[in-house]
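Heads up, the thing below is written out as structure tokens.
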Amino acid sequence: MTNNNPQIYSIPATLSQFFYDNVGGSIINVDATWDKAWMMPDLLNPGKSLGFRSKDGIYKRMIRNRQNPKQQVATITPSSGLSTQVTLTWADPSFNLYQIGDIIRDEQSLAEGRVIKAIPGSVIIEANFSPSPQFDCTLHFQPGYFTYYEKDRSIMYGSGGKENRFYENTWQDDFSEIANDTCVITRREEFNSLLGKNGDIYVWSQKEIDFINFHNRARGKSYWFGNGGVRNTSQGRLSGTFGIRESIIGAAATSISPARQGGTYIPLGSAPVLQTVFDMQDAMASKKGADEQNFVFGFGRAALGAIQQDPTIKNMITYPGVENTIGGASVKGLDVRTMSLNGITIKFMILPFLSDTDSLPSWNRWSIYGFDLTPYPTINMDGSVGSEPPMMKIHFGDGEEAPIYSMVPGKEGVASMNANLKTGAYKIASNLIDGYTLNLQRDNGLSCYALNWALAEWQGGN
């Protein structure tokens, strides 16, 4: 079979004189596990990648969080005895979100105080009804405890109101990441052919497929474990995308990236238990306050096994003969994949790539990722109100996300004529290699709003 066969569809095949002496039944992908890593953002959040234009690969995403002024007490003056008025200083010396007339409540004693003076880093509060008539300065608003804004309480006559209080819209910097991989396929490596379902024969190269699979595996690692920012290096300016793990953990401001608000990160000192899942779901639910919530939890294989065999679940299963039952219904082994508790439904999902010890440290098998995929409110660039998914693929450029896949021909280029050669023909080539060069480039990344997400991981596991 030669490239003269009209059923063969391949640019290299059209340009070269290779022979295709094998019909392959399938294409071997030894990294299929990592397909799920780069496909997972599509499964968790179906939708198109969002294109943007920024020379430094920075996408600015507007975040509109649930907000309520809250601050930790540093000192109380006087620090003992009874007093109608006390002065509080804050752990954050720049905090100035409490206004005159605000009622703030102490999380420890539930005492309330009315703000009568406020400056950055400090307020003076007055006792009104609870406690009444005075504060106990050794009991109320003690250092180390938090205070919360509760409401406004204005005077009955002559109240002048106060300054407007608006939600603060903040911006999160997300980054795309350039991947530019190259593969050279030489003439002697030849090609195989694939018999399609429609009977047509397609040319393929296992080396080319391996090259694409390797690129996609690296893409999956960026989505889950990438570190982000923009910086100058010895070879030029580069950018990195924030993956899912780093988005949940959050990050302080650095010289290459502004501060990022994370979710709930739970480092474990031992294998996860069912209570770990409860702690994660409670932390996630508290960020939104809805009555019925649905989460997706992704597990490493070891973590899922530990949760499924937790005594709380295991003791619910009886073994009458050869069948297992749970709650009287037949089940298959310990395959618990959905759990509902406290108005929260969790779908369990296995993340098989976390168990790939050839590519990741083995402790990743003990990791649990929690996702709240409910869209959140935002304000669009035109000022209208809308919503966005918490996880979005982003890419540099306009229109659809698309890789730039190029072929640079070598000695198998287009045939031409040369009278000085006895054969009278030569090849027009772009390089001297006796084959051709494939280049695959992407400029994309993830934008994750991880405030409602959680991660528990046991780095001591193996």
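All of the numbers you see were taken from the coordinates with simple rules; none came from a lab. These figures come from a predicted structure and were not determined experimentally. Positions of Cβ are generated from backbone atoms using ideal geometry, with glycine treated the same way; all protein chains shown enter the neighbour counts.
Some notes on this structure:
- Backbone HN-Hα couplings from phi across region 291-303 [Karplus 6.51/-1.76/1.60, Hz, Gly and Pro as x]: 6, 10, 10, 10, 10, 10, 10, x, 10, x, 5, 5, 5
- Cβ-based net charge around N232, under 14 Å, with every Lys or Arg adding one and every Asp or Glu removing one: +2
- Derived scalar couplings between HN and Hα for region 47-59 equal x, 7, 6, 8, x, 8, 10, 7, 4, 9, x, 9, 9 Hz in order, rounded to whole Hz, by the Karplus curve 6.51 cos²θ - 1.76 cosθ + 1.60 (θ = phi - 60°), x for Gly and Pro.
- Calculated FRET efficiency, K287 to E189, Cβ-Cβ distance, R0 = 56 Å: about 0.55 to the nearest 0.05.
- Descending by average beta-carbon neighbour count within 10 Å, the peptides 81-88, 362-369 line up as 362-369, 81-88, the highest first.
- With a Förster radius of 25 Å applied to the C-beta separation of K151 and A91, the computed FRET efficiency comes to 0.60.
- Cα pair distances in region 70-152, grouped into 10 Å bins until the bin that holds the longest one, percent each: 22, 63, 16, 0
- Net charge over other residues, Cβ less than 9 angstrom from the Cβ of R66 (K, R count +1; D, E count -1): +3
- Placed amide H near Y426: partners under 5 Å, 5+ positions off or other chain: S416, M417, N418
- With 23 Å as the limit, the listed pairs K117/K288; K48/K207; K117/K151; K117/K287; K288/K314; K36/K60 have K117/K288; K48/K207; K117/K287; K288/K314; K36/K60 beyond it between alpha carbons.
- Peptide ranges 344-356, 298-310 listed from the most packed, as the mean C-beta count within 10 angstrom indicates: 298-310, 344-356
- Per-residue 3J(HN,Hα) values for region 114-128, derived from phi via the Karplus relation 6.51 cos²θ - 1.76 cosθ + 1.60 with θ = phi - 60°, read 9, 6, 10, 7, 9, 9, x, x, 7, 9, 10, 10, 10, 6, 10 Hz in sequence order (x marks Gly and Pro).
- Annotation: amide H of Y59 within the under-5 Å range of D174, F175, S176, sequence separation 5 or more or interchain, hydrogens built in the peptide plane.
- Backbone amide hydrogens, once placed in the peptide plane, bring S49 within less than 5 Å of E401, excluding anything fewer than 5 places away on its chain.
- Rounded if a/c under 1.5, otherwise prolate or oblate - region 343-462, Cα gyration tensor axes: oblate
- Gain upon complete extension [S340, Q441; 0.36 nm per residue less C-alpha separation]: 32.0 nm
- For A32 and Q108, a Förster radius of 60 Å and the Cβ-Cβ distance give a FRET efficiency of 0.65, rounded to the nearest 0.05.
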